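**Student:** Before I ask anything, here is the structure I am working with.
The values are calculated or read from the model by the stated rules, or taken from the named source; none is laboratory data. Treat the numbers as computed from the prediction; the structure is a model and nothing was measured. Please note: Cβ atoms are built from the backbone with ideal geometry, for glycine as well, and neighbour counts cover all protein chains shown. In case anyone asks, the SASA skips ligands and DNA or RNA and just uses the protein heavy atoms, side chains included. Shrake-Rupley method; radii C 1.70, N 1.55, O 1.52, S 1.80 Å.
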Amino acid sequence: MRLVVDLTRCQGYGQCAFAAPEVFRMPGAEALLYNGDPDDRQREKVLQAAAACPVRAIVLDPDAGVPAPRPAAGGGTSSSVERIVIVGASLAGLRAAHTLRREGFRGSLTLIGDEPYEPYDRVALSKHVLTGWVSAESTALPGNDGLDADWQLGQAATGLDRLNKRVQLGDGHAVDFDRLLIATGVRARQWPRPAEAALEGVFAIRRRDDAAGLRKLLAAHPRHVLVIGAGFIGSEVASDCRELDAPVTVVERGPAPLAGALGAAMGHVAAGLQREHGVDLRCGVSVDALEGDAEDRVCRTRLSDGSMLDVDVAVVALGAERDVGWLQGSGLAAGHWGIACDAGCRAFDVNGVVTDDIFVAGDVARFPHPLYGYQLLALEHWGNAVDQAEIAAHNMINPSAERWAHLALPVFWSTQFGIEIKSIGVPTFADEVALVQGSAHTRRFVAAYGRQGRITAAVAFDHGMWLEFYGRLIEQAAPFPPEFPVVDPPSSRRPVPAEIHEQALPQQATVVLTGHDPSERRAVLVHGR
């Protein structure tokens, strides 16, 4: 069994590199004995190691011992599927393209991307590029060669003609398809006042060029950095600033960092971590204005509590918006919530009817998960993009009886201030949280999340080796709080409110119904309301 390891992803995550030809070392104390012809037990360990890698840097070569997904029925794809178009030259788009070729699709394959670059690793932008571990130009994802694909880069998709099965491009051309995969992901939410957003020194981090420009300013030793928003991206940028010894103020209108993703109970732990490392963290406060100097460079910010700060760099980390504007009028169930689809990644039309020729994967998809009440979830996670893309690609070229469901548990990680934060499941679905291993004081623990007496998620601070175990508990709908002997037990397992202020519920669409006879009954999306 061959392994391909992207070492640029491993930097900063412990000894995740080959130490000897027979040993592959995982972060922390984990190690895996390895040989080129593993038996079933060793193969299982390799698969577990790849799944547990905190940065998903371990890639298995399916042509070297690991069973690949079986090809489509009849030894190939349906003769009616000759042209596949992927909109989104992204991680999800690239993974889908590889899966299509691996499963035997030999037809025309087109990838459309609005950036001039081939797919690159966005995760590295806030984790590695800003501190100089790697350059922005070195974040390209491997494996673009050999795809036999038509790359339409620097071309934004501007419309979708479902009737004629055609994607319209910004240059006026169109690309025809038999199957379409939408993997456009998300865009960084910009600062709402354009004149202030245009000031020199104001950045949002989503694209390669953003990270390259911000890296240049951080390397020049700014006097003071302002980070607006303390979600994962904002917190990682703050961590980067402190690693570079740059003074940084983080302004968060919520009660604590990461509260939107992990709840305020865990957010208060993250707040302590930031302050211990010299971050000027201000919660319950928002930015009223960014001000520029005579040369239109950001120089000052005015906060909602009346205070003023002199800054020369401002990073806008206000979350993301799903890239669906080009689908307006297409008849798909697409809006600010994303694109609704079934568990097999087939898109819904505006009436809620599943399509057979349009699929969705990655950050832009909103799909039902049985473990979470079949509610439609949208997950901006690296692992979800990979897993869902493979499911979508498989289903695009297989008959309905051979299709798979996307049922993977969401896994997410972030490294901040030397601490690896990793989660499994959906913390925002919970209403309670309990410390089940370790100590919050030492910043080394596992917290389990629960809802209505069942465990729904777990979050680890520098205790990620245990998350596979908690993942099995989530899959088995185990009772919450867990009651069993554990290594490194806490002083108390008493649950407390998770303080989730934004539940993982689908955002509401504004819909108008027309017609009365069943053959005429239709739903119409109303945009802008």
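**Student:** When only residues in the range 380-410 that are within 14 Å of the chain's Cα centre (by Cα) and open to solvent by less than 20 Å² (accessible area, probe 1.4 Å) count, which is nearest to Arg206 (Cα to Cα)?
**Tutor:** The selected residue is Ala385.
**Student:** If you check Ile455, Ile421, which single one turns out to be under 30 Å from Leu125 (Cα atoms), assigned to a strand (DSSP E or B) and open to solvent by less than 20 Å² (accessible area, probe 1.4 Å)? So that I can check it myself, show each step before the final result.
**Tutor:** Working: Ile455 fails: under 30 Å from Leu125 (Cα atoms).
One residue alone meets the criteria, Ile421.
**Student:** Quick test of your reading of the structure: Gly260 fulfils all but one of (1) under 30 Å from Glu118 (Cα atoms); (2) at pLDDT below 95. Name the failing condition by number.
**Tutor:** Of everything listed in (1) under 30 Å from Glu118 (Cα atoms); (2) at pLDDT below 95, Gly260 misses just condition (1).
**Student:** What about Ala246, is it touching a helix residue (DSSP H, G or I) at 6+ places or on another chain (Cβ under 7 Å), of a type in the set (A, V, I, L, M) and over 21 Å from Ala289 (Cβ atoms)? First the steps, then the outcome.
**Tutor:** Working: touching a helix residue (DSSP H, G or I) at 6+ places or on another chain (Cβ under 7 Å): yes; of a type in the set (A, V, I, L, M): yes; over 21 Å from Ala289 (Cβ atoms): yes.
In short, yes.
**Student:** Which members of the range 98-117 meet the condition of being buried (at least 20 other Cβ atoms within 10 Å of the Cβ) and under 20 Å from Glu380 (Cα atoms)?
**Tutor:** Gly113, Asp114
**Student:** Then there's this: Please enumerate the residues belonging to the range 241-299 that are among the small types (Gly, Ala, Ser), open to solvent by 50 Å² or more (accessible area, probe 1.4 Å) and on the phi > 0 side of the Ramachandran plot.
**Tutor:** The answer is Gly284, and nothing else.
**Student:** So which residues in the range 236-253 are out of contact with any Ser or Thr (no Cβ under 7 Å at 6 or more places or on another chain) and in a helix (DSSP H, G or I), if there are any at all? Talk me through it step by step, then tell me what you get.
**Tutor:** Within the range 236-253, the subset out of contact with any Ser or Thr (no Cβ under 7 Å at 6 or more places or on another chain) is 238-239, 241-242, 245-250, 252.
Listed by number, the residues that qualify are Ala238, Ser239, Cys241, Arg242.
**Student:** Let me ask something else about it. Between residues in the range 159-172 that are assigned to a loop (DSSP other than H, G, I, E, B) and residues that are of a type in the set (Phe, Trp, Tyr) and at pLDDT 95 or above, which pairs lie under 7 Å by C-beta distance while being six or more apart or on different chains?
**Tutor:** Here the result reads Lys165/Phe177, each pair linking the range 159-172 to a residue that is of a type in the set (Phe, Trp, Tyr) and at pLDDT 95 or above.
**Student:** Kindly provide the set of residues from the range 273-302 that are free of Cβ contacts under 8 Å to residues at least 40 places away in the same chain and part of a helix (DSSP H, G or I), ordered by number.
**Tutor:** Arg275
**Student:** Kindly indicate whether any position in the range 419-429 is of a type in the set (S, T, N, Q), touching a residue at least 60 places away in the same chain (Cβ under 8 Å) and out of contact with any helix residue (DSSP H, G or I) (no Cβ under 6 Å at 6 or more places or on another chain). Walk me through how you get there before you give the answer.
**Tutor:** Here is the first cut: in the range 419-429, the ones of a type in the set (S, T, N, Q) are 423, 428.
Keeping just the survivors that are touching a residue at least 60 places away in the same chain (Cβ under 8 Å) gives 423, 428.
Now narrow it down to the ones that are out of contact with any helix residue (DSSP H, G or I) (no Cβ under 6 Å at 6 or more places or on another chain): 423, 428.
Within the range 419-429, one or more residues are of a type in the set (S, T, N, Q), touching a residue at least 60 places away in the same chain (Cβ under 8 Å) and out of contact with any helix residue (DSSP H, G or I) (no Cβ under 6 Å at 6 or more places or on another chain).
**Student:** For Leu226, state whether it is assigned to a helix (DSSP H, G or I), closer than 24 Å to Leu130 by Cα and not small (Gly, Ala, Ser). Before the answer, list the steps.
**Tutor:** Details: assigned to a helix (DSSP H, G or I): no; closer than 24 Å to Leu130 by Cα: yes; not small (Gly, Ala, Ser): yes.
The answer is no for Leu226.
**Student:** In the range 181-237, which residues are out of contact with any strand residue (DSSP E or B) (no Cβ under 8 Å at 6 or more places or on another chain), open to solvent by 20 Å² or more (accessible area, probe 1.4 Å) and more than 30 Å from Leu332 (Cβ to Cβ)?
**Tutor:** Residues satisfying the conditions are Ala195, Ala198, Ala212, Arg215, Lys216, Ala219, Ala220, His221.
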